[in-house]
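Please read the structure below before turning to the comments.
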Amino acid sequence: MPNRIKSVVSGPGLLFASLGLVALFAPFLTLAANRIVAGEGVRVWDVAGPEAIIPGMVGVVIGLALGLPSAWQSVRFTGSLVGIAALVWLLMQGSTSLLEGAGTYARVSLGSGFWCLLAILLLLAADALSSLSPGPKMRSALLAVAIIVSALVLWSGALTDLSIFREYANRQDAFFNAAWRHLGLAFGSLVVAAAIGFPLGVYCHRNQGLRGAVLPVLSFLQTIPSLAMFGIMIPLLAWVGSTIPGARELGVVGIGFLPAFLALVIYSLLPVVANTVAGLEATPILTLDAARGMGMTRHQRLKQIQLPLGLPVMLAGLRIVLVQNIGLAVIAGLIGGGGFGTFVFQGLNQTATDLILLGALPTVILALISAITMDILVELARPNQMRHG
Amino acid sequence: MSRANFLRVIVVSLLFALVLQPEWFAPIFEPFTPPGAVVIYDRTSLLSLSLSHLGIVAVASLAAIIVAVLLAILVTRPQGKAFLPLSRTIANMGQTFPPVAVLALAVPMLGFGAGPTLVALFLYGILPIFENTMTGLSTLPPATMEAARGIGLSRRQRLIQVELPLALPLILTGIRLSVVIAIGTATIGSTVAAHTLGEVIIAGLLTNNTSYVLQGGLIVGLFAVLIYDALTQLETHTRKRLGVM
């Protein structure tokens, strides 16, 4: 390729466009006789009539093509949005038309072609955004718009013919229960871990000996595989419930919410404590000397100097915990602790792919939203002069 | 013998005894067994489960190391520079995907058995190694790089003799993170019929037999802790040798 073209065409953009064109030939949707059997792949030009397909395919191709110019990042970002909108249009048209006359139990699921195109367009969006590097306010606005638009598309009922939404419609109440339970597990354990971890971190910062004892124990606990940890919590709590008087009345029993919650708290302690210590240590010695010289007490130094300066590092610890807990809470589904994991493991047992997706997709989306939000908070907590360093 | 080494010998012997001679521990596990149930897991040999568990982790991790390091080298070369911001984003966002979700999503594509577990461990294992190798290779001290160029080393020589050795401690940290996650995720692999130690724990959970849960949990936990410790030692050793402690 001549150099002039090379500098005009974005490398990743070219990769996305070629992969995207290949993905257009993979099965876009699958049609199955019922929810359990494997479906038959349907290519994108066969999912509906030409009047519905042509605008959709043109949209995808335009989106991929707009990703090519390396100089105009906002054009590339727009291209990804055009492409994703076209994908949603194709899904709406395709799922309805495929189900026509296909039988009561027939299911239309998302095919490999759809997933590849979606991944490629999202990567295009991420690539353009990372070059545009929007500030924290812009990023929050983009995140909010993305959530609102996705919610509107879901609520409009345009996609209800897809198998995953059939699974959802069959267990709407269970889905919301699972969602609350999942959030309760992930955020509740975060709050408890922060309440224990921050003071512990402050003490570890002041006392070298305590730190040498606490941090290795916490990293040891973090190493224990999650299934083993959840499994061991069950007999432990059952034993506490049956031996300590009054514990059972307080709800301490072997299975359900509590063992999962406790396991998550234990996993969360290391990132909270270690990052609190690292954050408090991030204050430059000269700054601390100056504060001491001004006659600040130890408590004042902690509150007015070390905590504000260490805040970004401490928040980064909470980001690790939150993302980790949202993922680990899936395993609670195995021990009767509820959450989205219930659907994942039910789906695995019934070999119902769309039920697995009903549990796994919300978990992934929740983790992504939390990670992006926490990244924004970490950046906002950074002192001004460091923000663009 | 130092106290740490003494502890290591004890833990290793305990692990061997638990895997090879589980009957020895019957009196300890007895109180956790419901009346009439089997005390020691006997449906499959614990040795074969352990070997298969470690084998799956080893194969997936090895493949992940090769792919991740090669990719990281690629995006830190001048030709691959256009892909650097994108790879940062992928590594950062990809790690927010829960390992269990990756495992569950691999099942529809690959069916049940060791396949989806291997693929999930491989895909998820790439990210921490890739991120750390990329950070290691793109944050080398400029003075050292200048000196390497100054003494006339070619690009390839610089990569092999200077850049990779200097980035090695960070690469090893990535490998440690990735392997420890893999050991844990492989345990959950038994819910999709992979032959791993998770089988023992799941069997215990399904039959309310706490002694199974404890046996499986202890063996996996000890393996994880020992491997974590061994990789940490390796890391400290390389750091010391490089004099960058």
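What to note about this one:
- The single residue among B:Leu74, B:Leu51 that is under 30 Å from B:Val192 (Cα atoms) and part of a helix (DSSP H, G or I) turns out to be B:Leu51.
- Residue match in segment A:305-321 (condition: touching a strand residue (DSSP E or B) at 6+ places or on another chain (Cβ under 8 Å) and among the β-branched types (Val, Ile, Thr)): no
For (1) at positive phi; (2) surrounded by fewer than 18 Cβ atoms within 10 Å (Cβ to Cβ); (3) not hydroxyl-bearing (Ser, Thr, Tyr), each residue gets a yes or a no:
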site: A:Ser70; (1), (2), (3): no, no, no
site: A:Met92; (1), (2), (3): no, no, yes
site: A:Ala102; (1), (2), (3): no, yes, yes
site: A:Leu117; (1), (2), (3): no, no, yes
site: A:Ala125; (1), (2), (3): no, no, yes
site: A:Leu132; (1), (2), (3): no, yes, yes
site: A:Gly135; (1), (2), (3): no, yes, yes
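- Considering A:Ile365, A:Ile320, the condition of being within 15 Å of the chain's Cα centre (by Cα) and surrounded by fewer than 17 Cβ atoms within 10 Å (Cβ to Cβ) is satisfied by A:Ile365 alone.
- For segment A:178-201, a tally of residues being within 28 Å of A:Gln306 (Cα to Cα) and not hydrophobic (A, V, I, L, M, F, W, C) returns 5.
- Listed here are the helices (runs of 4 or more DSSP H) enclosed by segment A:207-321 that have at least 1 residues being in contact with a His (Cβ under 6 Å, 6 or more places away or on another chain) and more than 14 Å from chain B (Cβ to nearest Cβ): A:257-281.
- Condition check for A:Gly231: in the same structural domain as A:Gln324 (by TED's automatic domain parsing), touching a Lys or Arg at 6+ places or on another chain (Cβ under 6 Å) and closer than 23 Å to B:Ser211 by Cβ: no
- Counting only residues that are within 14 Å of A:Ile335 (Cβ to Cβ) and within 9 Å of another protein chain (Cβ to nearest Cβ), segment B:196-207 holds 5 of them.
- Within segment A:291-316, the set of residues being surrounded by 13 or more Cβ atoms within 10 Å (Cβ to Cβ), aliphatic (A, V, I, L, M) and over 34 Å from the mean Cα position of the chain (by Cα) comprises A:Ala291, A:Met296.
- Test: residue in segment B:216-224 that is within 22 Å of B:Ala37 (Cβ to Cβ), more than 10 Å from chain A (Cβ to nearest Cβ) and surrounded by 20 or more Cβ atoms within 10 Å (Cβ to Cβ): no
- When each of B:Phe122, B:Phe97, B:Phe130 is tested for being under 25 Å from B:Thr187 (Cα atoms), assigned to a loop (DSSP other than H, G, I, E, B) and either without any contact (Cβ under 8 Å) to a residue 40 or more places away in the chain or aromatic (Phe, Trp, Tyr) (or both), the lone residue that passes is B:Phe97.
- Contacts under 8 angstrom Cβ, first residue in segment A:36-61 being outside the structural domain of A:Gln350 (by TED's automatic domain parsing), partner among the basic types (Lys, Arg), 6 or more apart: A:Gly39/A:Arg107
- Qualifying residue in segment B:20-34 (condition: on the phi < 0 side of the Ramachandran plot, assigned to a helix (DSSP H, G or I) and under 26 Å from the mean Cα position of the chain (by Cα)): yes
- When A:Ala71, A:Ala65, A:Ala102, A:Ala32 are checked against the criterion of being touching a residue at least 60 places away in the same chain (Cβ under 8 Å) and under 30 Å from the mean Cα position of the chain (by Cα), a single residue qualifies: A:Ala32.
- Of the residues making up segment B:104-114, those that are assigned to a helix (DSSP H, G or I) and more than 9 Å from chain A (Cβ to nearest Cβ) are B:Ala106, B:Leu110, B:Ala114.
- In segment B:102-111, the condition of being in contact (Cβ under 8 Å) with a residue 12 or more places away in the chain, of a type outside the set (D, E, K, R) and surrounded by fewer than 17 Cβ atoms within 10 Å (Cβ to Cβ) is met by no residue.
- Boolean, A:Ser140 is more than 14 Å from every other protein chain (Cβ to nearest Cβ), in a helix (DSSP H, G or I) and polar (S, T, N, Q): yes
- Out of B:Thr187, B:Thr210, sole residue that is facing chain A (nearest Cβ under 9 Å), in contact (Cβ under 8 Å) with a residue 24 or more places away in the chain and within 18 Å of B:Pro31 (Cα to Cα): B:Thr210
- Filtered residues of segment A:71-99 (kept if at pLDDT below 80 and either outside any helix (DSSP H, G or I) or touching a Cys at 6+ places or on another chain (Cβ under 9 Å) (or both)): A:Ala71
- Search result, residues across segment B:24-41 that are surrounded by 11 or more Cβ atoms within 10 Å (Cβ to Cβ) and without any contact (Cβ under 8 Å) to a residue 60 or more places away in the chain: B:Trp24, B:Ala26, B:Ile28
- Here B:Thr117 passes the criteria (1) among the hydroxyl-bearing types (Ser, Thr, Tyr); (2) over 20 Å from the mean Cα position of the chain (by Cα); (3) within 13 Å of chain A (Cβ to nearest Cβ) except the one numbered (2).
- No other residue among A:Leu348, A:Leu357, A:Leu380 is at the interface with chain B (Cβ under 7 Å from one of its Cβ atoms), out of contact with any strand residue (DSSP E or B) (no Cβ under 6 Å at 6 or more places or on another chain) and not polar (S, T, N, Q) apart from A:Leu348.
The values are calculated or read from the model by the stated rules, or taken from the named source; none is laboratory data. Predicted model, so just to flag it, every value in this text is computed and none were measured. Cβ atoms come from the backbone with ideal geometry, glycine included; neighbour counts cover every protein chain shown.
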